[in-house]
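The values are calculated or read from the model by the stated rules, or taken from the named source; none is laboratory data. Worth saying up front: this structure is predicted, and the values here are computed from it rather than measured. A quick note on method: Cβ atoms are made from the backbone with ideal geometry, for glycine too, and the neighbour counts reach across all protein chains shown. Protein only, heavy atoms only, side chains kept; ligands, DNA and RNA dropped before computing areas. Shrake-Rupley method; radii C 1.70, N 1.55, O 1.52, S 1.80 Å.
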Amino acid sequence: MIFDLKNFKWVREPKKWKLDNKSLEIITEPNTDLWQRTYYHFRNDNAPCFQLSTAKPYFSFTVKTSFLDAKHRFDQCGVIVYMDSDNWIKASVEYENEEYQHLGSVVTNNGYSDWATTTIDSSIKEMWYRLSRREDDFKIESSTDGINFRQMRICHFYKESGEIYFGVYAASPESSSFKACFTDFNFGPCMWLKHNGQKPDDN
């Protein structure tokens, strides 16, 4: 199901952005980022997020990201579930140098972030993401062609409260700026099938 992007709302609206019926462009601002405490011992919470709310316990959200002129360390754009400063999930490609970049995800629960990555070639300038929800658990997948998706991670979200906020974000943590483009927004039934292996433990 393709939905109306005009129903999305900003968390920290950027100075420069463009929206039509099918796409969103964000010009990132320098020194914008999302991170909480872990390892670096700083807190950054100023990246713009463009989100929609839903109380559906099962769904999948897909979007295509393009970042042709990302060229500075940590330039990034991707998919996000942002509840508040201490609780959010994001996945993106983060530029590193002319040789490689990081395809990764961050889960922040109760004010502490983690970061899981894999290295990809810096020639990749487009990435699709599929975010799936099964109640208070989430699955993030990525794809270079929008057809074949590969699992990035499965995680639990402690802030889950029925209604959540999900969408896209873009950031330039250091002294840089680039144009992040988002297209092919889609929201529909959960593509993450119910587990059919080991049965849940009795509590």
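Can you tell me which residue among Ile124, Ile164, Ile120 is over 11 Å from the mean Cα position of the chain (by Cα), touching a residue at least 12 places away in the same chain (Cβ under 8 Å) and open to solvent by 40 Å² or more (accessible area, probe 1.4 Å)? It would help to see each step written out before you state the result.
On the way: Ile164 fails: open to solvent by 40 Å² or more (accessible area, probe 1.4 Å); Ile120 fails: open to solvent by 40 Å² or more (accessible area, probe 1.4 Å).
None of the others qualify; the one that does is Ile124.
Within region 49-65, does at least one residue satisfy the condition of being among the charged types (D, E, K, R) and surrounded by 15 or more Cβ atoms within 10 Å (Cβ to Cβ)? Let's see the steps before the verdict.
As a first pass, look at region 49-65 and keep what is among the charged types (D, E, K, R): 56, 64.
From what is left, the residues that are surrounded by 15 or more Cβ atoms within 10 Å (Cβ to Cβ) are 64.
Within region 49-65, one or more residues are among the charged types (D, E, K, R) and surrounded by 15 or more Cβ atoms within 10 Å (Cβ to Cβ).
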Item checked: Failed item in (1) part of a strand (DSSP E or B); (2) open to solvent by less than 40 Å² (accessible area, probe 1.4 Å), with Ile154 passing the rest -> (2)
Notebook entry, point to check: Is there a residue being under 23 Å from Asp184 (Cβ atoms) and buried (at least 17 other Cβ atoms within 10 Å of the Cβ) anywhere in region 108-117?
Noted result: no
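Being in a strand (DSSP E or B) and in contact (Cβ under 8 Å) with a residue 40 or more places away in the chain is the filter; apply it to region 132-149 and report the residue that is farthest from Lys194 (Cα to Cα).
Step one: filter region 132-149 for residues in a strand (DSSP E or B), giving 132-134, 137-143.
Subsequent filtering for residues that are in contact (Cβ under 8 Å) with a residue 40 or more places away in the chain retains 132-134, 138-140, 142.
On the way: Ser132: 12, Arg133: 11, Arg134: 8, Phe138: 12, Lys139: 12, Ile140: 15, Ser142: 19 Å.
Top of the filtered list is Ser142.
Look through Tyr129, Tyr165 and report the one residue that is in a strand (DSSP E or B), out of contact with any Asp or Glu (no Cβ under 9 Å at 6 or more places or on another chain) and of a type in the set (Ser, Thr, Tyr). Can you show your working first?
Values: Tyr129 fails: out of contact with any Asp or Glu (no Cβ under 9 Å at 6 or more places or on another chain).
Answer to the check: Tyr165.
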Next item on the list: Give region 1-44 a look and list any residue that's part of a strand (DSSP E or B) and either closer than 17 Å to Ser176 by Cα or out of contact with any Lys or Arg (no Cβ under 9 Å at 6 or more places or on another chain) (or both), or say none.
Entry: Lys9, Trp10, Val11, Trp17, Lys18, Glu25, Ile26, Ile27, Pro30, Leu34, Asn44
Note to self: Can you confirm whether Asp33 is open to solvent by 50 Å² or more (accessible area, probe 1.4 Å) and either more than 21 Å from Ala91 (Cβ to Cβ) or at pLDDT 95 or above (or both)?
What the structure shows: no
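Given the residues Asp20, Asp45, which is the only one that is free of Cβ contacts under 8 Å to residues at least 60 places away in the same chain and surrounded by 13 or more Cβ atoms within 10 Å (Cβ to Cβ)?
Of Asp20, Asp45, the one residue that is free of Cβ contacts under 8 Å to residues at least 60 places away in the same chain and surrounded by 13 or more Cβ atoms within 10 Å (Cβ to Cβ) is Asp45.
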Item checked: Residues being within 18 Å of Trp17 (Cβ to Cβ), of a type outside the set (D, E, K, R) and assigned to a strand (DSSP E or B) - total across region 168-203 -> 10
Checklist line | Any chance Glu98 is without any contact (Cβ under 8 Å) to a residue 40 or more places away in the chain and surrounded by fewer than 17 Cβ atoms within 10 Å (Cβ to Cβ) | finding: yes
